[in-house]
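Structure, as structure tokens:
Just so you know, all these numbers are worked out from the coordinates, no wet-lab data involved. Worth saying up front: this structure is predicted, and the values here are computed from it rather than measured. When we count neighbours, we look across all protein chains shown, and the Cβ atoms used for this are built from the backbone with ideal geometry, even at glycine.
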Amino acid sequence: MTQRDKVAECLDQAPLIGVVRTHSFEQAVTHAERLWESGLSMIEITFTVPRATELVEQLLAKRDGEAPPCIGMGTVTDESRALAAVAAGAEFIVSPNAHPQVAAVANDADRFLVIGALTPTEIAAGYQMGADLIKVYPLPPVGGPAYLSVVRQPLGDIPMLAAGGFLPDAIPEYLAVGAQAFGIGAPLLGVDEDDYLSRLGHALSLARGECA
């Protein structure tokens, strides 16, 4: 099984990527640990987090063998960040833009690649670069599920992840129009640990289509 296959398997188990995007390293550690405890199988550490690569290395060291969660890096906007993500051991790469050099680094390193796009031209271009999944965002400002539904009419063969700041309760609407995965960050945050884990559990159930 290739590295990409392992990440694809993680995504199949739970099609929800928990995004860690905080202003401090300490907050990021807390957020990542709660995502881990929830049973989430995909955790994305963005480059906007201070010492982001260090946190990725810590999480990978904590993991026992081949068991989930898969750990990746987001906000990979250029080649230098892609190289840093690979060097840190990130198992998947999420780029907010369709950058050819980012795609080349990910493909050469056998990393599962999620490319961000919005328009049909960008979506098709990202997929042609070798993306395993296209992150369609920001969806809420342009029509949410209605927009995704229209885009998928000519591009339904391209696997798409819905993102852009919507609440977990909107997941069923995106699922119904063809989203195969979801990226959510701040809306998962709760007022305390119990609330946090409750929100995560609810979001996971919705992403798996277990409840509406």
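Using Cβ point charges alone (K and R +1, D and E -1), the dipole size of the chain about the Cα centre works out to roughly 400 debye.
In this simple spin-label approximation, residue 26 and residue 54 carry label points 7 Å from Cα along the Cα→Cβ vector, and these lie 1.4 nm apart. Only helices enter this figure: runs of n ≥ 4 DSSP H residues, each worth -39500 (n - 2.57), summed and divided by the residues of the chain, yield -13500 deg cm²/dmol at 222 nm to the nearest 500. Size descriptors for segment 12-62 (Cα atoms only): Rg and Dmax, in that order, 10.4, 31 Å. By other beta-carbon atoms within 10 Å, ranking 78, 5 with the fewest at the front produces 5, 78.
Between residue 63 and residue 87, the simple label model (points 7 Å from Cα in the Cβ direction) yields a spacing of 2.1 nm. Distance between the modelled labels on residue 121 and residue 3, one decimal in nanometres: 3.3 nm (7 Å Cα→Cβ projection). By the count of other C-beta atoms within 10 Å, a proxy for reagent exposure, 205, 41, 95, 80 are ordered fewest to most as 80, 205, 41, 95.
Projecting the Cα positions of 71, 31, 95 onto the charge dipole of segment 3-207 (unit charges on Cβ atoms of Lys, Arg, Asp and Glu, taken about the Cα centre) puts 95 furthest along the positive direction. Taken over the alpha carbons of segment 74-116 as equal point scatterers, the Debye sum produces base-10 log I(q)/I(0) values at 0.14, 0.17, 0.18 Å⁻¹ of -0.20, -0.30, -0.34. Normalising the average separation of contacting C-alpha pairs (under 8 angstrom, six or more residues apart) by the number of residues puts the relative contact order of the chain at 19 percent.
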